[in-house]
Amino acid sequence: MYQKPKTFFFEGKNANKAVVLLHGYAGSANDMRLLGRFLERQGYAVYCRNLTGHGTGEPRDILTEGGLDQWLQDTRDSVSFVRDRGYKDIAVIGLSFGGILATRAMEECAEIRCGGTIAAPVMFSGNNHMPEKFVEYANLTYQAENLSKTTIAQNDVFLQTYVGGQLKVMETLANQTAARVERITKPFFIAQGTADEMIDPSSAEMLKEALRVPVTFHLYSEAGHVLTVNSAHHALENDVLAFLDDNL
């Protein structure tokens, strides 16, 4: 039986330190749960919400209910969520599109102590495969819900019609964010798999070169896009922990 992904908040044992995690465009809080639980065991409070339109069981909601303005507000609200609970030392780390949102938050929010990206196309290099991968991920959801092939095909027509336009707007956000990275004044974490099937791995190198702050940079050999759940997730968890321990 299909279970909808849920927003999570793990309080941790440290009264001051909290990590906001942001999932990717086609994903949900489930993609960040392993990392969240790991950081909770190390004493950090961790919050990850489903961005508007995500985690509903209907991928079309991402196109009809979500949008850049709403997702940027979701990010601000996530930072406010932990701040309003008394956490003063806050980090923001995002996966894929969530990494663009995290970078934007670091440009705009002085109270964020550190943060960074995981397989995030803040700077586009070469082609990306997000439109077709979005439809593939949507179909996995539909299959888990036991929808008929006819219904899935009808849904795919809708997704293929509208996803390109939304992704173009997202690319504009990424370009705007990339043009302002000099505003970032806090330590930055970058993680990238060398076998990323979604974006060109060289995007991570471009972001590292553009930043003017201390950068912790990790490449994961032969690892694909969703580093938080694939073969690299154990190494990623320990690398994120070391970064937070040093900077938060």
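Structure data summary
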| quantity | calculated |
| --- | --- |
| Residues that are among the polar types (S, T, N, Q) and surrounded by 15 or more Cβ atoms within 10 Å (Cβ to Cβ), drawn from the range 232-248 | Asn247 |
| The range 8-26, subset surrounded by 23 or more Cβ atoms within 10 Å (Cβ to Cβ) and assigned to a loop (DSSP other than H, G, I, E, B), residue modelled with the lowest pLDDT | Ala26 |
| Check on Glu209, at pLDDT below 95 and over 24 Å from Leu72 (Cβ atoms) | no |
| Of all residues in the range 50-61 being surrounded by fewer than 23 Cβ atoms within 10 Å (Cβ to Cβ) and farther than 16 Å from Asn155 by Cα, the one that is modelled with the lowest pLDDT | Gly55 |
| Hits in the range 73-120 (condition: basic (Lys, Arg) and farther than 21 Å from Gly53 by Cα) | Arg83, Arg85, Lys88, Arg113 |
| Any hit, the range 181-197, residues being more than 18 Å from Ala26 (Cβ to Cβ), surrounded by 14 or more Cβ atoms within 10 Å (Cβ to Cβ), touching a residue at least 40 places away in the same chain (Cβ under 8 Å) and touching a His at 6+ places or on another chain (Cβ under 6 Å) | yes |
| Residues of the range 222-244 classified as touching a residue at least 60 places away in the same chain (Cβ under 8 Å) and either part of a loop (DSSP other than H, G, I, E, B) or over 13 Å from Ile93 (Cβ atoms) (or both), total | 6 |
| From Ile152, Ile184, residue being within 18 Å of Gly57 (Cβ to Cβ) and of a type in the set (Val, Ile, Thr) | Ile152 |
| Qualifying residue in the range 144-162 (condition: surrounded by 14 or more Cβ atoms within 10 Å (Cβ to Cβ), closer than 22 Å to Ile118 by Cβ and at pLDDT 90 or above) | no |
| Qualifying residue in the range 109-117 (condition: outside any helix (DSSP H, G or I), more than 20 Å from Tyr44 (Cα to Cα) and of a type in the set (D, E, K, R)) | no |
| Single match in Val135, Val122 (criterion: of a type outside the set (Asp, Glu) and part of a helix (DSSP H, G or I)) | Val135 |
| Residues satisfying the stated conditions in the range 71-102, i.e. over 16 Å from the mean Cα position of the chain (by Cα) and part of a helix (DSSP H, G or I) | Ser80, Phe81, Val82, Arg83 |
| Residues located in the range 31-70, provided they are in a helix (DSSP H, G or I), under 15 Å from Phe97 (Cα atoms) and touching a residue at least 24 places away in the same chain (Cβ under 8 Å) | Asp31, Met32, Ile62, Leu63, Leu68 |
| Residues being out of contact with any Asp or Glu (no Cβ under 8 Å at 6 or more places or on another chain), of a type in the set (A, V, I, L, M) and either under 26 Å from Glu108 (Cα atoms) or part of a helix (DSSP H, G or I) (or both) - total across the range 177-209 | 7 |
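The values are calculated or read from the model by the stated rules, or taken from the named source; none is laboratory data. Because the structure is a prediction, the values reported are computed rather than measured. All Cβ positions, even for glycine, are placed from backbone atoms using ideal geometry, and neighbour counts span all protein chains on display.
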